[in-house]
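Enquirer: Questions regarding the structure given below will be posed in turn.
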There are 2 protein chains.
Amino acid sequence: MEQHRLDVFQVIADPSRRQILHLLSKDSRTINSLAENFDMSRPAVSKHIKVLYNAGFISIQDIGRERHCVLKQDGFKELQAWLAYYDKFWGDKLDKLGALMNDKMNKK
Amino acid sequence: MEQHRLDVFQVIADPSRRQILHLLSKDSRTINSLAENFDMSRPAVSKHIKVLYNAGFISIQDIGRERHCVLKQDGFKELQAWLAYYDKFWGDKLDKLGALMNDKMNKK
DNA sequence: AATTTGCGTAACTCACAAGTTACATATACA
DNA sequence: TGTATATGTAACTTGTGAGTTACGCAAATT
């Protein structure tokens with residue numbers, strides 16, 4: 001079997017996968033229903049779905065022969081956590097700037 | 001000239017570039033100072049720097065023959081904006097769940 | 001029972017990002 | 001002035017992700 005085990009950063013690096021996520025943010029969809037929105041073949045979309053699933057961006061509910069895809073929060077949380085670290089960085093920077101300004105004010 | 005014009009998603013998809021950002025979150029550094037932390041060659045790091053710069057993740061201050069790299073917020077903001085859309089999605093979902101629970105409570 | 005539909009997977013091609021080495025250039029230093 | 005240092009870039013190789021087609025299988029339909 002192929003790998004299809006990309007980390008969350010690699011997963012969202014692909015424009016097609018981001019569009020899939022966007023479509024799923026509007027509605028739950030099956031693989032074919034998703035594939036209709038793209039120029040690429042259905043198997044290609046199917047692979048993307050697998051990647052998104054493995055990285056925790058979607059969950060899949062099998063209903064008969066159809067596979068219904070729904071957004072799942074796990075993958076997004078990993079990204080949030082990564083960004084939060086740098087949010088803190090910018091926050092700290094502002095704090096330091098504020099402290100600096102206070103110092104200047106007090107000196108006057 | 002080569003392209004080196006990746007979008008913010010592709011930029012953070014590379015582990016080396018994420019580590020560079022992490023190093024820069026501790027301290028401002030020159031290219032060589034950054035390269036010491038990696039197994040790859042200095043030109044490779046230099047390319048990553050260019051990519052990070054073009055995507056708005058760092059700013060560069062030339063001091064003599066040295067290039068001092070500093071984190072810049074622009075690149076991160078693009079990612080925040082993308083994630084914020086889905087944050088809203090989860091928020092809405094919770095709202096709907098809350099409304100549903102209220103309905104059930106009222107019926108009892 | 002036969003056919004259609006919805007999907008997964010294997011095998012393959014291809015583009016390109018990411019690395020390398022070699023070389024060029026500008027600044028600092030002796 | 002000559003040499004060492006800090007860096008950028010051109011040219012090349014290579015791994016691999018993303019696409020394709022062909023095929024198989026199970027569920028639905030007739």
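The values are calculated or read from the model by the stated rules, or taken from the named source; none is laboratory data. The structure displayed is predicted, hence computed values, not measured ones. With ideal geometry, Cβ positions are generated from the backbone for all residues, glycine too; neighbour counts draw on all protein chains shown.
Enquirer: Working only within the range A:39-76, note down all residues that are within 8 Å of DNA strand D (Cβ to nearest atom) and part of a loop (DSSP other than H, G, I, E, B).
Expert: Of everything in the range A:39-76, those that are within 8 Å of DNA strand D (Cβ to nearest atom) and part of a loop (DSSP other than H, G, I, E, B) turn out to be A:ASP39, A:MET40, A:SER41, A:GLY64, A:ARG65.
Listed here are the residues, each with its yes/no results for (1) at positive phi; (2) within 16 Å of DNA strand C (Cβ to nearest atom); (3) surrounded by fewer than 17 Cβ atoms within 10 Å (Cβ to Cβ); (4) within 12 Å of the chain's Cα centre (by Cα).
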position: B:ARG42; (1), (2), (3), (4): no, yes, yes, no
position: B:SER46; (1), (2), (3), (4): no, yes, yes, no
position: B:LEU52; (1), (2), (3), (4): no, yes, no, yes
position: B:PHE57; (1), (2), (3), (4): no, yes, no, yes
position: B:ASP62; (1), (2), (3), (4): no, yes, yes, no
position: B:GLU66; (1), (2), (3), (4): no, yes, yes, no
position: B:VAL70; (1), (2), (3), (4): no, no, yes, no
position: B:TYR85; (1), (2), (3), (4): no, no, yes, no
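Enquirer: Take the residues in the range B:1-21 that are near DNA strand D (Cβ under 10 Å from one of its atoms) and at pLDDT below 95; name whichever of them is nearest to the other protein chains (Cβ to nearest Cβ).
Expert: The residue in question is B:HIS4.
Enquirer: Look through B:LEU34, B:LEU24, B:LEU94 and report the one residue that is within 13 Å of chain A (Cβ to nearest Cβ) and at pLDDT 95 or above.
Expert: Going through B:LEU34, B:LEU24, B:LEU94 in turn, the sole match is B:LEU24.
Enquirer: Something else now. List the residue pairs whose Cβ atoms are under 8 Å apart, where the first residue sits in the range B:22-49 and is under 26 Å from A:ASP87 (Cα atoms), the second is in a helix (DSSP H, G or I) and of a type in the set (Lys, Arg), and the two are 6 or more positions apart or on different chains.
Expert: Qualifying pairs under 8 Å: B:ILE31/B:ARG42; B:ALA35/B:ARG42; B:HIS48/B:ARG17.
Enquirer: Looking at A:ARG29, is it farther than 24 Å from B:ARG17 by Cβ, buried (at least 17 other Cβ atoms within 10 Å of the Cβ) and away from chain B (no Cβ under 14 Å)?
Expert: yes
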